[in-house]
Amino acid sequence: MQSAQILTEYDVYASAEELNGADKMLLNKAKDATALAYAPYSNFKVGAAARLMNGEMITAANQENASFPAGICAERNLLAVASALHPSVAVEAIAISYKNENGESVHPISPCGICRQSLLEYEERMKHPIRLILGGMTGKIYTISSSKSLLPLSFTSDDIK
Ligand code: THU
């Protein structure tokens, strides 16, 4: 028997002011996109913004439903927008932010498990890593060089060949 370890690397910034200009702009777009959320059940508004390899930026937000499982997270909504509007352009970076109407929005958000799976497949499909910029309305920012880092030992298309 052998033990193995998994190491996840990410960078921590004290605030958005420390980010480079392009990442700061993308995070601001994600913050603005929280206004596009339809979240009457959770009051937790998530905004996501992508920078594509052609320089374009797109945004999306979570959309809830009275039948709760029918709701969709901001991240997967964003990938659907990217895929529909720019089907052959890879995503270079995604910023995610949130506004919790019932509390604070001061810690970095992290994509849910289903979104991690979707982000990973989008990276593999486009053959390009997606850099993640995770924040709140204020406070620390985490950046991660690839969404693959968030889903170790993942199940991918290779597994069903
Ligand atoms: N949500 C997202 O949009 N992205 C995440 O990364 C976490 C959760 C949404 C789903 C639901 O509409 C609300 O936030 C509360 O879970």
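Each reported figure results from applying straightforward, stated rules to the coordinates on display, with no laboratory input. In this text the structure is predicted, and so the values were computed from the model without any measurement. Neighbour counts are summed over all protein chains in view; Cβ atoms, including those assigned to glycine, are modelled from backbone coordinates with ideal geometry.
In the set (1) within 23 Å of residue 128 (Cβ to Cβ); (2) more than 10 Å from the ligand (Cβ to nearest atom), residue 66 fails one condition alone, (1).
Looking at the stretch 8-63, which of the residues that are polar (S, T, N, Q) and away from the ligand (no atom under 15 Å from the Cβ) is nearest to residue 126 (Cα to Cα)? Restricting to residues being polar (S, T, N, Q) and away from the ligand (no atom under 15 Å from the Cβ), the top hit is 54.
This table checks each residue for (1) in contact with a helix residue (DSSP H, G or I) (Cβ under 9 Å, 6 or more places away or on another chain); (2) in contact (Cβ under 8 Å) with a residue 12 or more places away in the chain; (3) of a type outside the set (Phe, Trp, Tyr).
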| residue | (1), (2), (3) |
| --- | --- |
| 19 | yes, yes, yes |
| 23 | yes, yes, yes |
| 30 | yes, yes, yes |
| 35 | no, yes, yes |
| 38 | no, yes, no |
| 43 | no, yes, yes |
| 48 | yes, yes, yes |
| 55 | no, no, yes |
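Only one of the listed residues (105, 83, 97, 42) is of a type outside the set (Asp, Glu), more than 30 Å from residue 153 (Cβ to Cβ) and out of contact with any Pro (no Cβ under 6 Å at 6 or more places or on another chain). That residue is 105. Evaluate the stretch 123-136: report whether one residue or more is assigned to a helix (DSSP H, G or I), within 15 Å of the chain's Cα centre (by Cα), within 12 Å of the ligand (Cβ to nearest atom) and not aliphatic (A, V, I, L, M). Scanning the stretch 123-136 turns up no residue that is assigned to a helix (DSSP H, G or I), within 15 Å of the chain's Cα centre (by Cα), within 12 Å of the ligand (Cβ to nearest atom) and not aliphatic (A, V, I, L, M). Considering the stretch 104-118, and only residues there that are near the ligand (Cβ under 7 Å from one of its atoms) and either hydrophobic (A, V, I, L, M, F, W, C) or part of a helix (DSSP H, G or I) (or both), the residue that is surrounded by the most Cβ atoms within 10 Å (Cβ to Cβ) turns out to be 115.
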